[in-house]
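One structure is given here, and the rest of the page talks about it.
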Amino acid sequence: MVYEGNAEERLVHQTETTAADLRGMDTEEMKAELARTALADTRITLVAPDGTILYDTDADPSTMANHADREEIFSARHGDEIVVHRRSATTGTDTVYAAVAVNDEDVVLRLAETRTSLPYYLRSLFVPLALAALLAAALSAALARTITRMVVTPLLSVDLDEPLESEAYEEVEPLLSRIATQRSELIGQNEQLEKSMNMRKEFTGNVSHEMKSPLQVIGGYAELIESGVAGPEDTKRFASLIRSESHAMRELIDDVLLLSKLDENAFGEPLPIDLSEVCLRAVARLENTTQAHGTEIRTDCPSGMLIFGSQALADQVVCNLLENAIRYGGGLVEVKVARCGENIELSVADNGPGIPDDQKERVFERFYRMDPSRSRETGGTGLGLAIVKHATQTMGGTSYTEDSELGGARLCVRVPAASA
């Protein structure tokens, strides 16, 4: 895929750049320099000419096997550029490697990144989504059978000998009265057999005719009950739950598709956007949600805060940050947009419980939730902040979180200003 090819080129470029920084150093200087190097989500390994590990960011070099026979190490020592995909024996993850010789002594620098392709990622979702769909279908079928039985049973239980004594819907009572009257007339004409038979035929025809209207009404009510609009309270509750779960699944898929588009950078040419205007529109759009949670939103969004990017991505970033603060905050949210050097910074702060230090980086991971039980209660896919992170990166920016002066969390994104 185009995305994976670009990622491999970036990894090779990063490896060559880092190796160039190490040239002219001895081994100890290289290790010290690498210890100061911070490459997000990237594993760094330094391999001696005999294949032993001199330095590794993810494992103790003394516990690692000799790497002289690794394909990328061998190729790097022979002047070739190569990118290798395989499962790491050290970390146990599917990994892509790029290696470059640092000096004439064949000391090799290797960089590695964990890779999960989009097809594999979607395949991993297939089983839970299929199970959820089957469960929803089973619940819908069971609910439909229950409702149909509730609708039809009173009709099937009508005693044609004593129709007025039967328990039936109010809408059917005129029909039952008609049946009772015609039956009485038929009994009174037993002496005239031919006439009685004709009346019986008429009776059958009238029953068929009169049944059409109430059955149409019953059918309409059955459809309303099945869709959760009408019916017993329990049925409404069950239908509401089914609808709610269907809505949640629709949202994850929408988020996954959005992440897929972000991975492929399928948002067209960037345009100038006033980030303050985006924030003010989002605050207005979320007014009902804000009121439902009893949240107060304060804004400090001066005009003229221009960035280059996609309007759709900017809306996603702002709305996801606001919804996260409303759901998990303590009732007060502050939204600020300000110039920060050559960047525009958007920050959303709340007075909620905050984010522990050891989880501040993880909140932007896909499907990561600090408190899964509370997330189920408040809603959300676990993808909102992941979308914020990737959308911000697509627009050339960064995202981070820190403690808020309000006592909770402060989530920020920085995007290059349009003037820069």
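The values are calculated or read from the model by the stated rules, or taken from the named source; none is laboratory data. Note that the structure is a prediction, hence the values are computed from the model and not measured. Because the Cβ atoms are built from the backbone with ideal geometry, glycine has one as well, and the counts that use them run over all protein chains shown. For the accessible areas, the whole protein counts, side chains as well, though only heavy atoms, and no ligand, DNA or RNA atoms are used. Shrake-Rupley method; radii C 1.70, N 1.55, O 1.52, S 1.80 Å.
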Residue that is farther than 30 Å from Arg366 by Cβ and modelled with pLDDT of 75 or more, where the choices are Ala130, Ala138, Ala142, Ala180: Ala142
Close pairs (6 angstrom Cβ cut-off, 6 or more residues apart or separate chains): under 19 Å from Glu28 (Cα atoms) in the stretch 97-116, in a loop (DSSP other than H, G, I, E, B) and open to solvent by less than 10 Å² (accessible area, probe 1.4 Å) anywhere: Leu109/Val102
Verdict on Thr37 being surrounded by 12 or more Cβ atoms within 10 Å (Cβ to Cβ), at pLDDT below 85 and of a type in the set (Val, Ile, Thr): yes
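Could you grab me the full set of residues in the stretch 290-331 that are among the small types (Gly, Ala, Ser) and open to solvent by less than 30 Å² (accessible area, probe 1.4 Å)?
Kept after step one, since they are among the small types (Gly, Ala, Ser), are these residues of the stretch 290-331: 292, 294, 303-304, 309-310, 312, 314, 325, 329-331.
If the condition is that a residue be among the small types (Gly, Ala, Ser) and open to solvent by less than 30 Å² (accessible area, probe 1.4 Å), then Gly309, Ser310, Ala314, Ala325, Gly329, Gly331 are the ones that fit.
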Test: residue in the stretch 332-351 that is open to solvent by less than 30 Å² (accessible area, probe 1.4 Å) and outside any strand (DSSP E or B): no
Unmet requirement for Arg115, which otherwise passes all of (1) open to solvent by less than 50 Å² (accessible area, probe 1.4 Å); (2) at pLDDT below 80: (1)
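So that you can scan it fast, the table gives a plain yes or no per residue for (1) of a type in the set (Ser, Thr, Tyr); (2) surrounded by 12 or more Cβ atoms within 10 Å (Cβ to Cβ); (3) at pLDDT 70 or above:
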{"site": "Phe126", "(1), (2), (3)": "no, no, yes"}
{"site": "Thr153", "(1), (2), (3)": "yes, no, yes"}
{"site": "Leu160", "(1), (2), (3)": "no, no, no"}
{"site": "Ser166", "(1), (2), (3)": "yes, yes, no"}
{"site": "Glu173", "(1), (2), (3)": "no, yes, no"}
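For the stretch 9-58, which positions are under 34 Å from the mean Cα position of the chain (by Cα), closer than 13 Å to Arg110 by Cα and in contact (Cβ under 8 Å) with a residue 12 or more places away in the chain?
Matches in the stretch 9-58: Leu11, Val12, Gln14, Thr15, Leu39, Thr42, Arg43, Ile44, Thr57, Asp58.
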Qualifying residue in the stretch 74-83 (condition: surrounded by fewer than 15 Cβ atoms within 10 Å (Cβ to Cβ), at pLDDT below 90, under 20 Å from Arg10 (Cβ atoms) and touching a helix residue (DSSP H, G or I) at 6+ places or on another chain (Cβ under 8 Å)): yes
Residue under evaluation Met30, criteria (1) in contact with a strand residue (DSSP E or B) (Cβ under 9 Å, 6 or more places away or on another chain); (2) part of a helix (DSSP H, G or I); (3) loosely packed, with under 12 Cβ neighbours inside 10 Å; (4) not aromatic (Phe, Trp, Tyr), criterion not met: (3)
